[in-house]
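Below is one structure, written out as structure tokens; the observations come after it.
The values are calculated or read from the model by the stated rules, or taken from the named source; none is laboratory data. Keep in mind the model is a prediction, meaning the values are calculated, not measured. Cβ atoms come from the backbone with ideal geometry, glycine included; neighbour counts cover every protein chain shown. Ligands, DNA and RNA are stripped out before the accessible areas are found, and what is left, the full protein with its side chains, is counted by its heavy atoms. Shrake-Rupley method; radii C 1.70, N 1.55, O 1.52, S 1.80 Å.
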Amino acid sequence: MTDPAADPVLQAFEARLAKGEKAEPKDRLPERYRRQLVRMMSQHAHSEIVGMLPEANWITRAPSLRRKIGLLAKVQDEAGHGLYLYSAAETLGVPRDELIDQLLTGKAKYSNIFNYPTLTWADIGMIGWLVDGAAIINQSMLAKCSYGPYVRAMIRICKEESFHMRQGYEMVTALARGTPAQQAMAQEALNRWWPPTLMMFGPPEEQSTNSEELVRWKVKLKSNDELRQTFVDQTVVQAQVLGLRIPDPDLRYDEDTKHWTIGPIDWQEFFAVIGGNGPCNRDRLRARREAHEDGAWVRAAAAAHAAKNPQVNA
Ligand code: 3HC
């Protein structure tokens, strides 16, 4: 951590943030702040784009036209979220090609959660209900952070995530109130998606290498553990309404704190997955590399058109 007293730019910057001002691309940003935001926003964008893959796996197998239309809309939204976030990251002076290359070469991270397979239709409901539900809690915080372009992207994305979560919860409700086989499918999917969704919020504070700076610069307004707790409190009650069991034998309601307490999280699994050794990491990167190669002609055509029509990009 740089000592602000030794860095007048940082000192002036932190004074502005302390007054609740937002940083904008034209401002003189401390290099460390800029790098932290490039890391976070690009990994967020990668997560949106990679997140399309497990969901798209069920578009051709959706159980009805209505479910197919809803899933198509959601996957399309995720693509748009990725584009908003790459655009917001580019305001920090980093070219999009560079960010995408970091993903395709395995240098950049994306959310752990998208390295798990979608084995049944119930998984699509769980992604909407749990994963988008977790994303909304995290993103609602980021919608109040200190970097203007990130705030504006989050405000728009949160509106669409709310639709995704409602759609997912409705899907799971239909299964939970369906036949015994459908109820069993929903419970089996919850058993698989609950643990990695808790990990989405990041490691516990004592293992969070970036939180101190991000909290100081008002990028993170709450800790990983606080956001996780909000998610647990909200979701346990929803599962009870559905008659589904949270797969945690240590789950308890603490009358004193008015919070649900959970059992241990397998952080060894988390760090293995974000280190590239999850069930689907290789498939996800292969799919993204193939899509990037298949799209090379589109990028070449767009560049040729722009070169012949300079006024188009003026
Ligand atoms: N998946 C992958 N890597 C993760 C992670 C996760 N869920 N949580 C933490 N990490 C990584 C961090 O990137 C960091 O590694 P790095 O320094 O090499 O980048 C390391 O683990 C230590 O974690 P920290 O707590 O220090 O990291 P942060 O302070 O950055 O906190 C975060 C992690 C909470 C994910 C934060 O980066 C963040 O809020 N990012 C923006 C939101 C985001 O990326 N969400 C992804 C989900 S998008 C989504 O769900 C799409 C929806 O539409 C379905």
Rg (Å, one decimal) plus Dmax (Å, integer) for the alpha carbons of the range 223-289? 15.9, 51
Å² per residue, accessible surface of the range 233-293 at 1.4 Å: 63
Shape descriptors of the range 68-149 over alpha-carbon atoms, Rg and Dmax in angstrom, are 14.7, 42
Considering only protein heavy atoms and a probe of 1.4 Å, how much of the accessible area of the chain is carbon and sulfur, as a whole percent? 57
Report, in whole Å, the centroid distance computed from the Cα atoms of the range 259-314 and the range 113-132. 18
Starting from the Cα of SER64, step 7 Å toward the Cβ, then list every residue of the range 177-199 with an amide N under 14 Å from that point. 177-179
Quick check on the chain: what are the equivalent-ellipsoid semi-axes from the Cα gyration tensor, as sqrt(5λ), descending, whole Å? 33, 27, 17
How about the range 78-153: which trypsin sites (Lys or Arg not before Pro) there lie in a loop by DSSP and see at most 10 other Cβ atoms within 10 Å? LYS107
Debye intensity ratio in log₁₀ form over the Cα atoms of the range 132-259, taken at each q of 0.09, 0.13, 0.15, 0.17 Å⁻¹: -0.31, -0.63, -0.81, -0.99
Gained length - ILE155 relative to THR105, 0.36 nm times residue gap less alpha-carbon distance: 15.0 nm
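Excluding ligands, DNA and RNA, what is the solvent-accessible area per residue of the range 15-142 at a probe of 1.4 Å, expressed in Å²?
Per residue, the range 15-142 has 40 Å² of solvent-accessible surface.
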Place a point 7 Å from the Cα of ALA174 along the Cα-to-Cβ direction; which residues of the range 102-123 have their backbone N under 20 Å from it? 118-123
Divide, for the range 18-156, the radius of gyration over alpha carbons by 2.2 N^0.38 Å, where N is the residue count. 1.14
Run the helix sum for the chain: -39,500 (n - 2.57) per DSSP H stretch of 4+ residues, divided by residue count, reported at 222 nm to the nearest 500 deg cm²/dmol. -20500 deg cm²/dmol
Give the Cα extents of the range 154-209 along the principal axes, in whole Å, largest first. 46, 29, 9
